[in-house]
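The values are calculated or read from the model by the stated rules, or taken from the named source; none is laboratory data. Please read these numbers as outputs of a predicted model, since none were measured by experiment. Ideal geometry is used to build each Cβ from the backbone, glycine not excepted, and the neighbour counts take in all protein chains shown.
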Amino acid sequence: MTFDLDRAWRVDPRVSMRPEPFGALLYHFGTRRLSFLKNQTVLAVVRSLADHPSARSACLASGVTEAELPAYARALAALASSKMITERMSHDSGA
Amino acid sequence: MTLAPEVSSPAPGKLTDLFQLGLDAPICLTWELTYACNLSCVHCLSSSGRRDPRELSTRECMDVIDTLERMQVFYVNIGGGEPTVRPDFWELVDYATAHHVGVKFSTNGVRLDAAAAARLAASDYVDVQISLDGATREVNDAVRGPGSFDTAVRAMRNLADTGFRGFKLSVVMTRQNIPQIDEFKAIADRFGAQLRLTRLRPSGRGADVWDELHPLPEQQRELYDWLVAHGEEVLTGDSFFHLSAFGGALPGLNLCGAGRVVCLIDPVGDVYACPFAIHENFLAGNVRAAGGFAGVWKTSALFADLRKPDTGGACKSCGFYDSCRGGCMAAKFFTGLPLDGPDPECVQGYGETALAAATASPGLPVPRPSVDHSHRTVPSRSGPSGSAPRPAAGPVPVSITRRRPPAHDCDESPLAGFTTQAAGDAAGCC
């Protein structure tokens, strides 16, 4: 699945995030599924999604380089496919 | 389903390696709320039956929930005994979900009337497992007792009637019911439930019936093939990772999660490394102690020891060690095998050799469970050693699960890990 870095995203409100030394654990109370974030940067990206007009902006603000963007897009795509993150319908953060 | 789904990620290390060292808090844990049970299942892993007068009070249970909320434990697998016979059961369920601790509870269905089913259907934060160990009345009731088949079916009908979809039909696989595996699937489908198959352990009263109930070698193969064919449709609590040594790994972390990512709190507050190990050797502490549950999780010497990397022991040279990791700690312990050797049901046959060697060595009694709350009316069955007291029982086979989800694209990525099948089947055999 392709992931649109230029759209606005957020963590699903039914998801609980728990920081761990290696990154974080995510648990979705609706789907009862668990996911893992495997480093601190991707955790920073996910945490700040709601504050940015696009996922790309959240990535760059968290220190992701242009070269690294495809890898982060794949990670976000995986989180989107498991409904951990969803597109924001109202662009309340500007855009 | 995906064969051999890799949990591994290039960096910062394989998840298995990270989990092996333990987490800051359990992902989930099993909490047996009471040893009281209306049934006397012959294989009860917690030897349940009679209520223990030292049982945690409502207030103490709420304190535990407060701790779990602070530690961000995502959910608890509540079992027993039969947890719904506690008068404060629903109060505790409501308290947990109000405090962001999800609940999955195992029940034989005795209290699941239409009103209870309706209240469950209304919550995102509560999931239910109905225990059934035979697809027919005869096979089930021989293990779980007269009337238990009808009770479970009635409960499932109540849940289905209220529109609760996806509750779990939980089956402990035995020599007698493996031939019924397709019938179990049909029952689950009929009620809109998801089938959950778990492994029989020689824990609690299970030690007494292990020889008669555990699957035959050819049945293990049959079960493995069935699991491979049905993949994600069926949950296993990752309890069959010892079968991965047949070839392709089953979904799951393939790591004993005991004390690492899961544990058990028993009705009197004792914390054990896993639900299948109610024995003093695996007792880490008690939630009533000064540091509470968090203190036990973080400072227990036993847990620190369990979080050391596995060395493989006698299994290290086996070509399948990476698949099965030597199998289940509790299964080894309660069959008298060394913990660093093969599982008694090792599919490569090393378990039989080890069991023969253990039997041949005199003076080493097979450990017996340290706690027993069986109804006194249950006919006494003497265990293999006959020397120790009978085990503690818990009716509901709440299994710790570490189920690994199908491989996703993200498994190629260092950034986001696998998504597990279901929370109850998350990781670490909980």
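Name the residue, out of B:Ala98, B:Ala117, that is surrounded by 16 or more Cβ atoms within 10 Å (Cβ to Cβ) and either of a type outside the set (S, T, N, Q) or within 14 Å of chain A (Cβ to nearest Cβ) (or both). Outline the logic, then answer.
Values: B:Ala98 fails: surrounded by 16 or more Cβ atoms within 10 Å (Cβ to Cβ).
So the residue among B:Ala98, B:Ala117 that is surrounded by 16 or more Cβ atoms within 10 Å (Cβ to Cβ) and either of a type outside the set (S, T, N, Q) or within 14 Å of chain A (Cβ to nearest Cβ) (or both) is B:Ala117.
As an exercise: evaluate B:Ala289 against (1) crowded, with 16+ Cβ neighbours inside 10 Å; (2) in a loop (DSSP other than H, G, I, E, B) and give the number of the one condition it does not meet.
It is condition (1) that B:Ala289 fails.
Are there helices (runs of 4 or more DSSP H) fully within the stretch B:83-165 with at least 3 residues that are modelled with pLDDT of 95 or more and over 25 Å from B:Ile265 (Cα atoms)? List them. Full working, then the answer.
Working: elements: B:89-98, B:114-121, B:137-144, B:148-161.
Counting at least 3 such residues, we get B:114-121, B:137-144, B:148-161.
Being in contact with a Ser or Thr (Cβ under 9 Å, 6 or more places away or on another chain) and within 14 Å of chain A (Cβ to nearest Cβ) is the filter here; which residues of the stretch B:36-77 pass it?
B:Gln72, B:Val73, B:Phe74, B:Val76, B:Asn77
Return the total of residues in the stretch B:47-70 being under 21 Å from B:Gly295 (Cα atoms) and small (Gly, Ala, Ser).
Number of matching residues: 1.
Please enumerate the residues belonging to the stretch A:44-63 that are within 14 Å of chain B (Cβ to nearest Cβ) and within 10 Å of the chain's Cα centre (by Cα).
A:Ala44, A:Val45, A:Val46, A:Arg47, A:Leu49, A:Ala55, A:Ala58, A:Cys59 - these are the residues of the stretch A:44-63 that are within 14 Å of chain B (Cβ to nearest Cβ) and within 10 Å of the chain's Cα centre (by Cα).
In the stretch B:23-63, which residue that is among the hydroxyl-bearing types (Ser, Thr, Tyr) and part of a loop (DSSP other than H, G, I, E, B) is farthest from B:Thr174 (Cα to Cα)?
Within the stretch B:23-63, the first condition is being among the hydroxyl-bearing types (Ser, Thr, Tyr), and the residues that meet it are B:30, B:34-35, B:40, B:46-48, B:57-58.
From what's left, part of a loop (DSSP other than H, G, I, E, B): B:35, B:40, B:46, B:48, B:57.
Values: B:Tyr35: 23, B:Ser40: 17, B:Ser46: 18, B:Ser48: 20, B:Ser57: 36 Å.
Among them, the one singled out is B:Ser57.
Just to check your reading of the model, which residue among B:Glu69, B:Glu60, B:Glu138 is touching a His at 6+ places or on another chain (Cβ under 6 Å) and surrounded by fewer than 19 Cβ atoms within 10 Å (Cβ to Cβ)?
After ruling out the rest, the residue left standing is B:Glu69.
Among (1) touching a helix residue (DSSP H, G or I) at 6+ places or on another chain (Cβ under 8 Å); (2) modelled with pLDDT under 95, there is one condition B:Leu306 misses while meeting the rest; what is its number?
Only one criterion is unmet by B:Leu306, namely (1).
Can we say A:Ala8 is away from chain B (no Cβ under 13 Å), closer than 30 Å to B:Val103 by Cβ and out of contact with any helix residue (DSSP H, G or I) (no Cβ under 6 Å at 6 or more places or on another chain)?
no
Here's the yes/no breakdown for (1) closer than 20 Å to B:Ser46 by Cα; (2) within 17 Å of the chain's Cα centre (by Cα):
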| residue | (1), (2) |
| --- | --- |
| B:Arg199 | yes, yes |
| B:Pro202 | yes, yes |
| B:Asp225 | no, no |
| B:Leu243 | no, yes |
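If you scan the stretch B:120-131, which residues turn out to be surrounded by 15 or more Cβ atoms within 10 Å (Cβ to Cβ) and either more than 19 Å from B:Gly81 (Cα to Cα) or hydrophobic (A, V, I, L, M, F, W, C) (or both)?
If the condition is that a residue be surrounded by 15 or more Cβ atoms within 10 Å (Cβ to Cβ) and either more than 19 Å from B:Gly81 (Cα to Cα) or hydrophobic (A, V, I, L, M, F, W, C) (or both), then B:Leu120, B:Ala121, B:Ser123, B:Tyr125, B:Val126, B:Val128, B:Ile130 are the ones that fit.
Residues checked against (1) among the basic types (Lys, Arg); (2) surrounded by 20 or more Cβ atoms within 10 Å (Cβ to Cβ); (3) not in a loop (DSSP other than H, G, I, E, B):
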{"site": "B:Pro251", "(1), (2), (3)": "no, yes, no"}
{"site": "B:Pro275", "(1), (2), (3)": "no, yes, no"}
{"site": "B:Gly285", "(1), (2), (3)": "no, yes, yes"}
{"site": "B:Asp310", "(1), (2), (3)": "no, no, no"}
{"site": "B:Gly319", "(1), (2), (3)": "no, no, no"}
{"site": "B:Asp322", "(1), (2), (3)": "no, no, yes"}
{"site": "B:Gly327", "(1), (2), (3)": "no, yes, no"}
{"site": "B:Leu339", "(1), (2), (3)": "no, no, no"}
{"site": "B:Glu345", "(1), (2), (3)": "no, yes, no"}
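On the given criteria, is B:Asp150 surrounded by 22 or more Cβ atoms within 10 Å (Cβ to Cβ), acidic (Asp, Glu) and either without any contact (Cβ under 8 Å) to a residue 60 or more places away in the chain or away from every other protein chain (no Cβ under 14 Å) (or both)? If you could, list the steps in order and put the result at the bottom.
Working: surrounded by 22 or more Cβ atoms within 10 Å (Cβ to Cβ): no; acidic (Asp, Glu): yes; either without any contact (Cβ under 8 Å) to a residue 60 or more places away in the chain or away from every other protein chain (no Cβ under 14 Å) (or both): yes.
No: the conditions fail for B:Asp150.
Quick test for you: out of A:Thr2, A:Thr31, A:Thr41, pick the one residue that is in contact (Cβ under 8 Å) with a residue 40 or more places away in the chain, within 13 Å of another protein chain (Cβ to nearest Cβ), more than 22 Å from B:His100 (Cα to Cα) and hydroxyl-bearing (Ser, Thr, Tyr).
Selected residue: A:Thr2, the only one of A:Thr2, A:Thr31, A:Thr41 that is in contact (Cβ under 8 Å) with a residue 40 or more places away in the chain, within 13 Å of another protein chain (Cβ to nearest Cβ), more than 22 Å from B:His100 (Cα to Cα) and hydroxyl-bearing (Ser, Thr, Tyr).
For the stretch B:268-311, what are the residues that are of a type in the set (Ser, Thr, Tyr), under 22 Å from the mean Cα position of the chain (by Cα) and closer than 23 Å to B:Gly336 by Cβ?
B:Tyr272
Only one of A:Met84, A:Met17 is within 11 Å of chain B (Cβ to nearest Cβ), crowded, with 16+ Cβ neighbours inside 10 Å and touching a residue at least 40 places away in the same chain (Cβ under 8 Å). Can you tell me which?
Unique residue meeting the criteria: A:Met84.
Keeping to the stretch B:92-134, report how many residues are under 20 Å from the mean Cα position of the chain (by Cα) and either under 21 Å from B:Ile187 (Cα atoms) or in contact (Cβ under 8 Å) with a residue 60 or more places away in the chain (or both).
15
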